[in-house]
Amino acid sequence: MTVDLRHGAATDIGLARDVNEDSYLAAPPLFVVADGMGGHTAGDVASRIAVETLSREVADNSSALADAVREANRTVHQESTARPELSGMGTTITAMVAGDQTAEIVHVGDSRAYLLRSGSITRITRDHTLVERLVREGRIQPDEADHHPQRSYLERALGVDREVEVDSYKIPTQPGDRILLCTDGLTTMLDEDEIRDILEGTSDPERASRGLVAAAVDAGGSDNITVVVVDYPSAPEEEGKTRAAPSVRGPRGKAPRRTLMLAGAVVALGMVLFIAVRAAALTQWYVGSSDGNVAIYRGVPWFIHKVEKTTDISAASLPEVYREQLKEGISADNEGDALLRVANLREISREHGPTPEAATPAPGAGP
Ligand code: MG
């Protein structure tokens, strides 16, 4: 289970705060960022306790990562109730345990995890904020969220209650993947394209971490900024593994008679063309629905496609905006990306549940 990771990390107080209330840990295979909140320096205490407890729990008993986060929640909560000066403190937490071919990520709050793969950036976690819920429910537009007055209102944080709900993701990783954990001091200052450009342009993870933090400070640094960058090793040969070249070594026309040869050649050419087009289409991935459930497809919607994997997520349990997207097909870069999108849909489905109209069985509706 040991994977030869490279990593970097950086934190900065920013330009507007008196205390850096963020904490982080980069101790392979465990990586954590936490963004504390609370009066005076309580936020600093909360994020530190959370990271320390998580680290101890993971080292001690290799219990499930989500359980370790729940334990960290109880510890922060106990401290906050036992010491009046720390009353009401809390913290976000985004943590990852890197496995050989997976990344297990757990998350509470509005710190984030991103996956950088083949030049594109995908957010793994979703923020537990009021505005993100309003966007998901279609009540405000995504671009309104960035400037919404309540954009930092957290709906979930560690240490606030005795129990906490923890989001958990298992990402199948690929050689060359880069994972970024960061607090909102980065993402409120830089948009995803800017973050991607810095990550893409800097191969050394330590320098990439420092570059991200410096860019967020340059952009205004209105909050503490913390990033952890984790690199999975690249494949020995970059080419060839992911691209299974379509085999078109079909039987070539060996017609005994000349007249048949031309017809044979035309048919063979048509077949080769069809096989090539089909093979090309089937290198594409998307997420759609099959028999009412979310499914992963290979191919191109409305053209050549086949179901690769069906899930138990009912399309009816998703908000309408996502049901519409499923109809069109949500394109994915590759299988891992498709799985990631399914994981996100599962979370959304869990929170949203069946809508009243969708829950009413329509006559002749499928399963
Ligand atoms: Mg913050």
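The values are calculated or read from the model by the stated rules, or taken from the named source; none is laboratory data. This is a predicted model, so every value here is computed, not measured. Every residue, glycine among them, receives a Cβ derived from its backbone with ideal geometry; neighbour counts consider all protein chains shown.
Among the residues that make up segment 309-326, is at least one of them over 21 Å from the mean Cα position of the chain (by Cα) and among the hydrophobic types (A, V, I, L, M, F, W, C)?
Scanning segment 309-326 turns up at least one residue that is over 21 Å from the mean Cα position of the chain (by Cα) and among the hydrophobic types (A, V, I, L, M, F, W, C).
Residues in segment 115-148 that are touching a residue at least 40 places away in the same chain (Cβ under 8 Å), among the polar types (S, T, N, Q) and out of contact with any strand residue (DSSP E or B) (no Cβ under 7 Å at 6 or more places or on another chain): how many?
Within segment 115-148, residues that are touching a residue at least 40 places away in the same chain (Cβ under 8 Å), among the polar types (S, T, N, Q) and out of contact with any strand residue (DSSP E or B) (no Cβ under 7 Å at 6 or more places or on another chain) number 2.
In this structure, does A281 turn out to be buried (at least 17 other Cβ atoms within 10 Å of the Cβ) and either in contact with a strand residue (DSSP E or B) (Cβ under 8 Å, 6 or more places away or on another chain) or at pLDDT 85 or above (or both)?
So A281 fails the test.
Could you grab me the full set of residues in segment 179-224 that are crowded, with 24+ Cβ neighbours inside 10 Å, within 20 Å of the chain's Cα centre (by Cα) and not in a helix (DSSP H, G or I)?
I179, L180, L181, C182, T183
Is one or more of the residues making up segment 106-125 away from the ligand (no atom under 16 Å from the Cβ), buried (at least 19 other Cβ atoms within 10 Å of the Cβ) and at pLDDT below 95?
No; the residues of segment 106-125 include none that is away from the ligand (no atom under 16 Å from the Cβ), buried (at least 19 other Cβ atoms within 10 Å of the Cβ) and at pLDDT below 95.
For segment 131-144, enumerate the residues that are under 19 Å from the mean Cα position of the chain (by Cα) and either crowded, with 16+ Cβ neighbours inside 10 Å or within 16 Å of the ligand (Cβ to nearest atom) (or both).
Residues satisfying the conditions are V131, E132, R133, V135, R136.
Are any residues in segment 95-150 part of a strand (DSSP E or B) and of a type in the set (S, T, Y), and if so, which ones?
Across segment 95-150, the qualifying residues are T102, Y114, S120, T122, T129.
Given (1) touching a residue at least 60 places away in the same chain (Cβ under 8 Å); (2) of a type in the set (A, V, I, L, M, F, W, C); (3) touching a strand residue (DSSP E or B) at 6+ places or on another chain (Cβ under 8 Å), where does M189 come up short, assuming only one miss?
(1)
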